[in-house]
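Asks: Please read through the structure below; I'll follow up with questions.
The values are calculated or read from the model by the stated rules, or taken from the named source; none is laboratory data. Worth saying up front: this structure is predicted, and the values here are computed from it rather than measured. Counting neighbours? That spans all protein chains shown, and the Cβs are built from the backbone with ideal geometry, glycine included.
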Amino acid sequence: MKVRSSIRTLHQSATLSLCGLATGLLLGACGGGTVSVDPGTDSTVPDTGCNGHCADNPEALTMGDVGAVITQAVAEAGARSSAATIAVVDRSGNVLAVFRMNAAATSITIASPGAPRDGGLEGVNIVPDTLAAISKAVTAAYLSTEGNAFTTRTASQIVQEHFSPGDHLQPSGPLFGVQFSQLPCSDLLTRFSGSVSVGPHRSPLGLSADPGAFPLYKSGTPVGAIGVISDALYSFDDDINDIDADSDEVIALAGAYGFAAPEARRANRIALDGRSLRFSDAKSSDLMADPGAAPTFASIDSVLGTLQSVPGYVNASISGGTAFGQAASGIRPDTLDFPGADAFVLVDGANLERFRPRPGTDGPGALTRADVTAILSQALAIANRARGQIRQPVESPARVSISVVDTNGVILGIVRSRDAPVFGIDVAVQKARTAAFYSSAAAAAALNALPPATYLDGGLVVLRKEPLSQYVTAARDFLGLPGALADGAIAFSDRAGGNLSRPWFPDGVDGSVPGPFSKPAGKWSPFATGLQLDLSYNAIVQHVGFVLAQAADVPMNCTGIDGFDTGFVQSGVISQLANGMQIFPGSVPIYRGAQLVGAIGVSGDGVDQDDMIAFLAVDAAAAEIGGFNNAEPAMRADTLVPQGTRLRYVNCPIAPFLDSDEQRVCDGK
């Protein structure tokens, strides 16, 4: 459960009673009780039959829509004598408005439920409330599609050390580590330039597992999301075996009235590994205000609260959103390289492709443009045949983002399936870069040269410094390989690197040793993962400092930044990991014989599908044009048996194709 800590109690006692202030504006919303109006989140909203093609008819949030979402949320908060900060974003991550109610806490604390922990982002209490609300909204928008509607409660379920949380002796969540994607330092994601623009845009705290955000839909297609923070605590739900009464979630639920996800596409209609996902613990019967009777935005603006200007994200105003899948969103249909494949690409503000296939930059043996095009084309073809795992209806094809990088981390090409979730763009690049980095001979030296992660003791006080070199030493000891990460002898997929990044090894065996790239159990949390976070920790803190007007904005590289106590000086940058690293499956390195030449990353559907698409795409492209392939079996990380447990390389699903009953599709390749 998401604990009601003393932080919440103090905030609530300081909150002005908004019911008296809101009388006449909330049209009878105050006074307790429930309402009969159904916001469409716990009873049927008709399934429109959308499966990616509804976005062909442009749908977007209007300024009026954004105002309505905010006023509905404000009405519910007022009825609860609470005060909230509310963010609304479009599907490509443009922040359309942030509204802070009077008496809302202006900063939040990042903390896991239960006993206080130190390290990582745990206990940091200087984060502006606006960044929490934005991160929550971006998460719901980026995880949702026409085939699936996910919330931050869904995210909470799939990022923790057990799936599902509270079910001990179970492996970690399928998207373990995804919270540290979409980072504000990413070199892939776009930045606010004063108005709504092409995305995908960055998120200030990455993806959020704190319940209190819902995707917003119009005519069956997702158009954005609402994120709410009202309790001054940025956390997660560590036990889904109960039903929480979470004020953030109920207020966000009210805001989503009239924009609810189709009932058949919600997370609770989708199963992973035989477990139903969680959509929301809040129901319409929990509402204390009638969202259908909310007032106009003009009547509450500067009365119950004010629009906020957030540096790097939004002006103090309301904007309409972009229509996803159209050039203005930054993602539109391909017209050049992938004929007949229903492909989508990223474009800039001039509608020019950002990541059209190109040759590698790493010298003799580099991937050619033809190689990259063939790998991306084959991956897209395999995805279009594969059975989606996290989509409705059940016979939908997988919808993914696909990237190829070289050994320098340069993006050689990105292509997307129709309606793939937006989060997968940044993650696919993270996955590819991580696989290439771990498989290289340069990883150890690069990590050893980085400045330490400077952990904060709540505010801007140094708790301790964590050297990145500790992970190199731990990996060598754990694997029994003195040359690990320095000789390029082992090909690491993200599944293999992820095995080494869990607080238990083997994954899910409580009481066992931690992986060398992870914090140990008791110190690990979704806010303190180990190498993955430590690599980008100082950059995240610098970005918070920027929003607080205490630092320059973070550069477009997540590595090599020193702590605040030394002025965030950047040195020892790892260009191969410019948008951070990822630790759940869906990537493999690419070789010419024994020469590492790059990697492919896939993200957006079930992780076994991601693995299969990446692995088979390289094999199929190699058969098509020759000269490169997957790592030779003798090099692969699954030849290693540390602590008596074999690492995994890829895990391909059973009977994965819609047009075939073929089994064991990755065997022998």
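Asks: Inspect all residues belonging to the range 443-457 and state whether any of them is of a type in the set (S, T, N, Q), assigned to a helix (DSSP H, G or I) and not assigned by TED's automatic domain parsing to the domain that holds Q595. Lay out the reasoning, then the answer.
Replies: From the range 443-457, those of a type in the set (S, T, N, Q) are 448, 454; that's our starting set.
After this cut, where a residue has to be assigned to a helix (DSSP H, G or I) as well, the list is 448.
Now narrow it down to the ones that are not assigned by TED's automatic domain parsing to the domain that holds Q595: 448.
Looking for residues that are of a type in the set (S, T, N, Q), assigned to a helix (DSSP H, G or I) and not assigned by TED's automatic domain parsing to the domain that holds Q595, one finds at least one in the range 443-457, hence yes.
Asks: Among all residue pairs at least 6 apart or on different chains, which show Cβ distances below 6 Å where the first residue, located in the range 413-429, is assigned to a loop (DSSP other than H, G, I, E, B) and the second is surrounded by fewer than 24 Cβ atoms within 10 Å (Cβ to Cβ) and modelled with pLDDT of 95 or more?
Replies: R418/D342
Asks: Residues being more than 22 Å from the chain's Cα centre (by Cα) and polar (S, T, N, Q): count how many of those fall in the range 231-273.
Replies: Of the residues in the range 231-273, 2 are more than 22 Å from the chain's Cα centre (by Cα) and polar (S, T, N, Q).
Asks: Next question. Just to be sure I understand, how many residues within the range 498-516 are touching a residue at least 40 places away in the same chain (Cβ under 8 Å) and either aromatic (F, W, Y) or crowded, with 20+ Cβ neighbours inside 10 Å (or both)?
Replies: Summing the residues that are touching a residue at least 40 places away in the same chain (Cβ under 8 Å) and either aromatic (F, W, Y) or crowded, with 20+ Cβ neighbours inside 10 Å (or both) in the range 498-516 gives 10.
Asks: Do we have any residue at all in the range 97-114 that's free of Cβ contacts under 8 Å to residues at least 40 places away in the same chain and of a type in the set (S, T, Y)?
Replies: Looking through the range 97-114, at least one residue is free of Cβ contacts under 8 Å to residues at least 40 places away in the same chain and of a type in the set (S, T, Y).
Asks: Could you check, for the range 370-389, whether at least one of its residues is touching an Asp or Glu at 6+ places or on another chain (Cβ under 9 Å) and assigned to a loop (DSSP other than H, G, I, E, B)?
Replies: So far as the range 370-389 goes, yes, one or more of its residues are touching an Asp or Glu at 6+ places or on another chain (Cβ under 9 Å) and assigned to a loop (DSSP other than H, G, I, E, B).
Asks: Now, a different point. Would you be able to tell me the number of residues in the range 201-219 that are part of a loop (DSSP other than H, G, I, E, B) and over 12 Å from the mean Cα position of the chain (by Cα)?
Replies: Let us first name the residues in the range 201-219 that are part of a loop (DSSP other than H, G, I, E, B), namely 202-203, 205, 207-212, 219.
Now restrict to residues that are over 12 Å from the mean Cα position of the chain (by Cα): 210-212, 219.
So the count comes out to 4.
The rows are residues; the columns are (1) in contact with a Gly (Cβ under 6 Å, 6 or more places away or on another chain); (2) not β-branched (V, I, T).
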position	(1), (2)
L61	yes, yes
G64	no, yes
A68	no, yes
A73	yes, yes
A84	no, yes
V89	yes, no
G93	yes, yes
V98	no, no
A105	no, yes
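Asks: Just to be sure I understand the filter: pairs with C-beta atoms under 7 Å, separated by 6 or more residues or on different chains, first member in the range 242-257 and farther than 21 Å from S219 by Cβ, second member of a type in the set (K, R). Which pairs pass?
Replies: Going by the 7 Å Cβ cut-off, the qualifying pairs are D244/K2; D246/K2; S247/R80; E249/R153.
Asks: Would you confirm, using the coordinates I've provided, whether R275 is closer than 22 Å to V223 by Cα and either charged (D, E, K, R) or at pLDDT below 95 (or both)? Walk me through it before giving the result.
Replies: On the way: closer than 22 Å to V223 by Cα: no; either charged (D, E, K, R) or at pLDDT below 95 (or both): yes.
Answer is no for this residue.
Asks: Consider G580 against the criteria (1) surrounded by fewer than 23 Cβ atoms within 10 Å (Cβ to Cβ); (2) at pLDDT 95 or above: it satisfies all of them except one. Which criterion is unmet?
Replies: (1)
Asks: Whether any residue in the range 423-434 is buried (at least 24 other Cβ atoms within 10 Å of the Cβ), among the aliphatic types (A, V, I, L, M), modelled with pLDDT of 95 or more and over 30 Å from V541 (Cα atoms) is what I want to check.
Replies: no
Asks: Another one. Output the residue which, of all residues in the range 220-239 that are assigned to a loop (DSSP other than H, G, I, E, B) and touching a helix residue (DSSP H, G or I) at 6+ places or on another chain (Cβ under 6 Å), is farthest from G166 (Cα to Cα).
Replies: G220
Asks: Which one is nearest to the chain's Cα centre (by Cα), of the residues in the range 586-631 that are under 24 Å from P171 (Cβ atoms) and in a loop (DSSP other than H, G, I, E, B)?
Replies: G604
Asks: On the given criteria, is N408 surrounded by fewer than 24 Cβ atoms within 10 Å (Cβ to Cβ), modelled with pLDDT of 95 or more and more than 25 Å from the chain's Cα centre (by Cα)?
Replies: Here the answer is no, as N408 does not meet what is asked.
Asks: Give the number of residues within the range 270-323 that are of a type in the set (K, R) and in a loop (DSSP other than H, G, I, E, B).
Replies: The qualifying residues number 2.
Asks: Under the condition of being under 16 Å from V372 (Cα atoms) and among the hydrophobic types (A, V, I, L, M, F, W, C), which residue from the range 323-340 is surrounded by the fewest Cβ atoms within 10 Å (Cβ to Cβ)?
Replies: Selected residue: L336.
Asks: Right, something else. Mind listing whichever residues of the range 342-376 are farther than 18 Å from L596 by Cβ, under 26 Å from the mean Cα position of the chain (by Cα) and among the aliphatic types (A, V, I, L, M)?
Replies: Initially, the range 342-376 is screened for residues farther than 18 Å from L596 by Cβ, giving 342-358, 369-370, 373-374, 376.
Now restrict to residues that are under 26 Å from the mean Cα position of the chain (by Cα): 342-349, 351-357, 376.
Of everything in the range 342-376, those that are farther than 18 Å from L596 by Cβ, under 26 Å from the mean Cα position of the chain (by Cα) and among the aliphatic types (A, V, I, L, M) turn out to be A343, V345, L346, V347, L352, L376.
Asks: Would you check if there is a residue in the range 350-358 being within 26 Å of C50 (Cα to Cα), outside any loop (DSSP other than H, G, I, E, B) and in the same structural domain as A623 (by TED's automatic domain parsing)?
Replies: The answer is no, given that none of the residues of the range 350-358 is within 26 Å of C50 (Cα to Cα), outside any loop (DSSP other than H, G, I, E, B) and in the same structural domain as A623 (by TED's automatic domain parsing).
Asks: When the residues of the range 468-497 are narrowed to those that are among the polar types (S, T, N, Q) and assigned to a helix (DSSP H, G or I), which ends up surrounded by the most Cβ atoms within 10 Å (Cβ to Cβ)?
Replies: Q470
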